[in-house]
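The values are calculated or read from the model by the stated rules, or taken from the named source; none is laboratory data. Just so we're clear, the structure is a prediction, and the values are computed from it rather than from any experiment. Don't worry about glycine lacking a Cβ; one is built from the backbone with ideal geometry, like all the others, and counts go over all protein chains shown.
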Amino acid sequence: MRQKIKNDNRGFTLIELMVVIIILGILAMYIGPKIMGRPEEAKQVKAKVDIAALETALKLYKLDNGVYPSTEQGLQALVEQPETGDIPRKWRDGGYLEKGKVPKDPWGNEFVYLSPGVHGDFDIISYGSDWAPGGEAQNKDVNNWEIE
């Protein structure tokens, strides 16, 4: 007895492929601008995340040393033991930031650090894309006292 093997090499038809391509085109047309049109909003969110991480590192610094770094010592005190001002006695080997360096804000500028701060024990500020106090929309400042 011979068995007959049926070859079923059926693929997609041209019409099916065209429908899929049209659907993908429509999705890209609506979703693409929404995702791609928000880089400044994404940068502000990143600035908030970075500020929250710096706040955590500063709180660990205070837990070890009893005080926050001074404005003069700055955020650099989180990665290098300060040699001026109130020198910490229990500074943690390796520092308080994972990557061993103070991050810049998403616009490539240094965060502004004040201790004591105007709005609390310390203030951390990113002046946004225009690097000037104040501003709205994409130029809006990101401040630690305004982060929830």
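Report, by residue number, each residue of segment 120-148 that is assigned to a loop (DSSP other than H, G, I, E, B), of a type in the set (Asp, Glu) and farther than 17 Å from Lys104 by Cβ.
Initial filter on segment 120-148 (assigned to a loop (DSSP other than H, G, I, E, B)): 120-122, 127-136, 140-141, 147-148.
Now narrow it down to the ones that are of a type in the set (Asp, Glu): 121, 130, 136, 141, 148.
Within segment 120-148, Asp121, Glu136, Glu148 meet the criteria.
State yes or no: is Glu148 within 23 Å of Val45 (Cα to Cα) and either charged (D, E, K, R) or more than 22 Å from the chain's Cα centre (by Cα) (or both)? Reasoning before the result, please.
Working: within 23 Å of Val45 (Cα to Cα): yes; either charged (D, E, K, R) or more than 22 Å from the chain's Cα centre (by Cα) (or both): yes.
Criteria met by Glu148.
What about Asp64, is it over 23 Å from Glu148 (Cα atoms) and acidic (Asp, Glu)? Show your work before the answer.
Values: over 23 Å from Glu148 (Cα atoms): yes; acidic (Asp, Glu): yes.
The answer is yes for Asp64.
Within segment 107-141, which residues are without any contact (Cβ under 8 Å) to a residue 40 or more places away in the chain and hydrophobic (A, V, I, L, M, F, W, C)?
Matches in segment 107-141: Val112, Val118, Ile125, Trp131, Ala132.
State which residue pairs qualify: first residue loosely packed, with under 11 Cβ neighbours inside 10 Å and inside segment 72-94, second residue outside any loop (DSSP other than H, G, I, E, B) in any location, beta carbons under 8 Å apart, and separation of 6 or more residues or different chains.
Arg89/Asn65; Lys90/Asp64; Lys90/Asn65
For segment 99-116, check the following and say yes or no: at least one residue is over 14 Å from Ala47 (Cα atoms), within 18 Å of the chain's Cα centre (by Cα) and at pLDDT below 90.
yes
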